[in-house]
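These notes concern the structure reproduced below.
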There are 2 protein chains.
Amino acid sequence: MSKRIITISRQFGSGGRTIAKAVAEKLGYAYYDKELIEKVAEMTGFDPKYIEENGEYAPGKSIFSLASSYISSSRVMGGMSAYDYLWVVQRNAILEIADKENCVIVGRCADQILKDREDALHVYIHAPLEARAERIVRLYGESEKKPEERLKEKDTKRSVNYKHFTGEVWGDSRNYDLCLNSEKFGIEKCVELIVGLAKD
Amino acid sequence: MSKRIITISRQFGSGGRTIAKAVAEKLGYAYYDKELIEKVAEMTGFDPKYIEENGEYAPGKSIFSLASSYISSSRVMGGMSAYDYLWVVQRNAILEIADKENCVIVGRCADQILKDREDALHVYIHAPLEARAERIVRLYGESEKKPEERLKEKDTKRSVNYKHFTGEVWGDSRNYDLCLNSEKFGIEKCVELIVGLAKD
C-alpha cells in the first residue's frame, strides 16, 4: 500500500527538514512545516510567532505572560491553557490535512496523532552531535551560545513537548516506522529511501 | 563506503534474526548468533547454555548459584563476576570477528562495541506487540505464559542488559544507523533495504 502521508520528526540540525522538503517535491505531496503554522494561525487567531515558538515546545514560560502577549482576547479556549488549546487546534489541523491530501508533515507529534493510519509512513531523522553542530553553524551562522548548547536546548524542548502531549519518548525507534542516521547515509540517500518506501 | 560489518539488534518476535540470516546469506557474510555462543564457549570454558541464557541478559539470578552450576572451576576470572567476565570475553570475541571477516552479528550490544567503526552498519528491528505475539506463537508455539508476557519479559531483560553494560537506552534510534518496523515493511523489504545500504 503506498503511503499518502509522511510524517518526519527530526533532531535539530540533522537535515530532517531539508529531507522532508525534498521528499514532498519528489512525491508531489503538499509540504507542511511553516505552512502548518499559518493554518493554525488562521484557525485560532494566535500570532504565527507564538505558534512557531510553542507548537513544538513544552511549557517553559508563564502561560499568563504568553497568553497576554499573543493571544487574541476574543477567542474562547474553554478553560484550557494556551498550550493545551494550541495542541488541540494543531492536532485537528493535522487530522484535517491528512484526510484532505497527500502530504509530508514535519514534527509537531504528527507521528502520534496519525499513529494508526495504515497509509502513513512515520520517519525520524537523527545525526551525531558533532555533525549537527557543524551543520547549524554552516547554515545558520554562529551565535552567542555554543552550537552544542543550541542543539541540546532545542532537542530537550522537543522531547519534553512530545512526552507532555503523547506520553511517549521522542526518538524511541518504536514510535516510528523508519529511523535514519542522516550523517551515515547522507541527505540524498535518506530522501531516496523514504520516497522508495512511500511508493511501495 | 561499503559496510563489512552489520550489527542487528531486535525486539523478540520482530523477525530480526530471520532478517539478519537472510542479509548474511545475500551478502555472503559470516553470520554470528548461536555461532558467537560457541566461540565464547571455546574461549571461556563456559557452558554454551549459560552463555545463551546470560550473554544478552542482565543479572537476574544469584551469580554464585549460576557460577557453581556452570562455570568450569579451572577458569580464572580475575575477581570479576561471572556476568562481567562473560561480557568482557564476548566483547573481545566480537572485536576479533569484526577485524577478521565480513559479518552479520545479532544482538549482544555489538552496535555499541563497534560503535565508531565507519565500515559498520548498525540496525534495530522492531514491530508492534500484537504482530510479535502472533509471530512467536506461530513459530515457537503456545506456552504457559501469555505471548505478550513472554515478549515483555525478554525485551526487558535485553533492555536492562544493554543499559547495564553500555549505559545507553536499548531501542533509542540514536544508537543505530537504521531502525525498521518489520511489520510495516515486511521481512523481505527489510532484508532488501539493509543489503542495499550495506553495498552503498
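The values are calculated or read from the model by the stated rules, or taken from the named source; none is laboratory data. Only a predicted model underlies this, so the values are computations on that prediction, with no experimental measurement involved. So basically every Cβ, Gly included, is an ideal-geometry build from the backbone, and we count neighbours across all protein chains shown.
Where helices (runs of 4 or more DSSP H) sit wholly within the range A:1-87, those with at least 2 residues that are aliphatic (A, V, I, L, M), under 20 Å from A:SER159 (Cα atoms) and modelled with pLDDT under 95 occupy A:34-44.
May I ask you to verify whether A:ARG135 is crowded, with 16+ Cβ neighbours inside 10 Å, under 13 Å from the mean Cα position of the chain (by Cα) and more than 9 Å from chain B (Cβ to nearest Cβ)? Steps first, answer last, please.
Working: crowded, with 16+ Cβ neighbours inside 10 Å: yes; under 13 Å from the mean Cα position of the chain (by Cα): no; more than 9 Å from chain B (Cβ to nearest Cβ): yes.
So A:ARG135 fails the test.
The residues listed here are B:ASN161, B:ASN175; of these, the one that is crowded, with 21+ Cβ neighbours inside 10 Å, within 14 Å of chain A (Cβ to nearest Cβ) and either in contact with a helix residue (DSSP H, G or I) (Cβ under 9 Å, 6 or more places away or on another chain) or closer than 23 Å to A:LEU193 by Cβ (or both) is B:ASN175.
In the range B:101-125, which residue that is among the charged types (D, E, K, R) and crowded, with 23+ Cβ neighbours inside 10 Å is nearest to the other protein chains (Cβ to nearest Cβ)? By that ranking, first place goes to B:ASP111. Exactly one residue out of A:GLU188, A:GLU168, A:GLU130 is within 13 Å of another protein chain (Cβ to nearest Cβ) and surrounded by 15 or more Cβ atoms within 10 Å (Cβ to Cβ): that is A:GLU168.
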